[in-house]
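Shown next, in structure tokens, is the structure this report addresses.
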Amino acid sequence: MRVTVTGATGRVGRQLVAALKQRGDEVTALSRDPGRAREKLGVEALQWNIKQDAAPKEALAGRDAIVHLAGEDVGQRWKKEVKAEILDSRERGTRNVVHAIFDTQPRPKALICASASGYYGAHGDEIVDESGAPGRDWLADVTARWERQADTAQIGVRTVVVRTGIVLDAGGGALAKMLPPFKAGIGGPIGSGKQYLPWIHLDDLVGIYLAAIDNPAFAGPINASAPEPVTNKEFAKAVGRAIRRPAVVPVPPFSIKLLYGEMSQIVLNGVRMVPGRAAELGYEFKHPDLDEALRDTLR
């Protein structure tokens, strides 16, 4: 396979590139700093500014897949300028990839674009699969606009959008931010603890991307989360078990809102997202059990 990856030096990108290399695929990274990307990843890297330029055609032509992961991190305090950057990097950045694909011959066979569980908004304890409608909050609107930019089906290119839940990775993201208070013995459920948390082991997220690259049946939205989402309270208990610390101190909602502002909705409002399409298409999860997944992640 010949695969081009944007956002290749990020948490997910690094693991995906390593997995592609391990199986002998030819990988090209698009990066603002191609020298750093080449040194870090050991693959061909070309210059690309996500917001200013169309993606370079030489990195797209004839590829088996383009995996688009680049975008501003959502997991930070949503100041006005940060919200503008989150939206712009996803909407304009994806548009810059798609416009380049439209002008490229031969076109790549597939565009596989990152997306997020935030697409659905808050749903309480209702089970949500890929047929669910977009939510009504700001993050849901950003994610829906992001996905609309990724649609290349009308030009004959298979499109996959990977709606990702909380990724279990001790080195970064939500879990890494949760660990310090748990290790100090003051971790626990956030707010009521009843809100659902769709989670996925990093290995399985990479596995779903690999399956989307390889399998032409993967198309449209794919929920990337473990088969059994859990409540925030259940997740907190599992983290406590994994690191052998108590997980009983509840975190009041006002403290999360004070710390993260509007971004706190990600942890205070849940969605019980399940991987309907991945299961239908035969993807077998390596880490479907939360306790085992956390032990493996924190080992």
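The values are calculated or read from the model by the stated rules, or taken from the named source; none is laboratory data. As the structure is a prediction and not an experimental result, all values here were calculated from the model. Glycine also receives a Cβ, built like all others from the backbone with ideal geometry; neighbour counts cover every protein chain displayed.
Can you give me the number of residues within the stretch 277-299 that are in a helix (DSSP H, G or I) and in contact (Cβ under 8 Å) with a residue 60 or more places away in the chain?
Result for the stretch 277-299: 8.
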Residues within the stretch 58-94 that are basic (Lys, Arg) and at pLDDT 95 or above, tallied: 1
Filter pass, residue 247 being assigned to a helix (DSSP H, G or I), surrounded by 17 or more Cβ atoms within 10 Å (Cβ to Cβ) and among the small types (Gly, Ala, Ser): no
Test set (1) within 12 Å of residue 6 (Cα to Cα); (2) touching a helix residue (DSSP H, G or I) at 6+ places or on another chain (Cβ under 8 Å); (3) of a type outside the set (Asp, Glu); (4) at pLDDT 90 or above - residue 50 fails condition number: (4)
Residues being out of contact with any Lys or Arg (no Cβ under 8 Å at 6 or more places or on another chain) and within 23 Å of residue 210 (Cβ to Cβ) - total across the stretch 89-140: 8
Meets criteria (part of a loop (DSSP other than H, G, I, E, B) and within 18 Å of the chain's Cα centre (by Cα)) for residue 228: yes
Strands (runs of 3 or more DSSP E) lying entirely in the stretch 1-114 (those with 1 or more residues that are acidic (Asp, Glu)): 26-31, 44-47
Scope the stretch 250-274; condition in a loop (DSSP other than H, G, I, E, B) and touching a helix residue (DSSP H, G or I) at 6+ places or on another chain (Cβ under 8 Å); matching residues: 270, 271
Pairs, first surrounded by 15 or more Cβ atoms within 10 Å (Cβ to Cβ) in the stretch 211-234, second among the aromatic types (Phe, Trp, Tyr), C-beta under 6 Å, six or more apart: 211/283; 212/218; 226/199; 229/196; 231/196
Residues of the stretch 83-125 classified as surrounded by 17 or more Cβ atoms within 10 Å (Cβ to Cβ), under 28 Å from residue 272 (Cα atoms) and of a type outside the set (Asp, Glu), total: 19
